[in-house]
Number of protein chains: 2
Amino acid sequence: MRISTELLKGVLEGIILQRIDAGINYGYEITKNLRDFGFEDLAEGTVYTILVRLEKNELVDVEKRKSEMGPMRKFYQLNQAGKERLNLFWQHWDFLINKMTELRKEN
Amino acid sequence: MRISTELLKGVLEGIILQRIDAGINYGYEITKNLRDFGFEDLAEGTVYTILVRLEKNELVDVEKRKSEMGPMRKFYQLNQAGKERLNLFWQHWDFLINKMTELRKEN
DNA sequence: TTCATCTATTCTGTAATACTATGTAGTGGT
DNA sequence: ACCACTACATAGTATTACAGAATAGATGAA
């Protein structure tokens, strides 16, 4: 399903934080994983922009490691701030889906 | 709760379409209603920009009517295209929350 | 060697969106 | 006259996801 890209704004950062936390640790793999997951049209460039942003905002620790295949990989891990951000994201998300569900019921 | 405004992108248009469909038909009322509903920091200007956009995209029919209080009101109603858009929005929304719920479970 | 292919990252520019801030205007009460 | 409330509009800004292209290393086939 190709959902409106606007709907992904704000959400995608949370998704990627969650993926990193779940052990999907570098850009290429994250992209593939999310595409398999159903976000088929997710652009590779989008994932990398978000990773750069996470790094700039100091939500992740980064380490370059050799790949068994192809060029060097950049491995990401959530630091304390990153974990808090992920937590906050889920809070916001829960708030939103609750409100949306209520709203939908009203007629 | 003050949720990240990025999280509202794409969502807010859907919310407003839903409100119009539910019989909340003009900007000022929509703003108040949504603020009461929990979106406390929702800016009035934001609602009006979205209403203008809906009109420009021909998703709504518009009618000016006298108010009992204050200046003229602009009453909005969903036309066929608007109803289809609202429908599509909920489809996208359902897709997204399903995916998010799955994702969250993984670890 | 040469070429394609897969892995992996980076960067520039663009469109869409919500928000800030501000302005305009009508009505009613004191 | 003054203020609060109702009601709409809009210019400018920041953030974001995406398109598209470039770069680069490793592998295998011709």
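What to note about this one:
- Subset tally (residues that are small (Gly, Ala, Ser) and within 12 Å of chain A (Cβ to nearest Cβ)) for the stretch B:29-61: 1
- Extreme residue, farthest from DNA strand D (Cβ to nearest atom), among residues of the stretch A:84-99 that are surrounded by fewer than 17 Cβ atoms within 10 Å (Cβ to Cβ) and either under 26 Å from B:Glu13 (Cα atoms) or within 13 Å of chain B (Cβ to nearest Cβ) (or both): A:Asn98
- Filter result for the condition that a residue is modelled with pLDDT under 95, more than 27 Å from A:Ile16 (Cα to Cα), of a type outside the set (Phe, Trp, Tyr) and loosely packed, with under 12 Cβ neighbours inside 10 Å, over B:Lys56, B:Lys66: B:Lys66
- Filter pass, A:Gly38 being touching a helix residue (DSSP H, G or I) at 6+ places or on another chain (Cβ under 6 Å) and at pLDDT below 95: yes
- Verdict on A:Asp21 being open to solvent by 40 Å² or more (accessible area, probe 1.4 Å), touching a strand residue (DSSP E or B) at 6+ places or on another chain (Cβ under 8 Å) and within 12 Å of chain B (Cβ to nearest Cβ): yes
- Selection count, the stretch B:69-107, where residues are touching a helix residue (DSSP H, G or I) at 6+ places or on another chain (Cβ under 9 Å) and farther than 30 Å from A:Ile16 by Cβ: 8
The values are calculated or read from the model by the stated rules, or taken from the named source; none is laboratory data. On a predicted model such as this, the values are computed, not experimentally measured, just so you know. Quick reminder, even Gly has a Cβ in these numbers, built from the backbone with ideal geometry, and neighbours come from all protein chains shown. Surface accessibility is based on the protein's heavy atoms, side chains included, excluding ligands, DNA and RNA. Shrake-Rupley method; radii C 1.70, N 1.55, O 1.52, S 1.80 Å.
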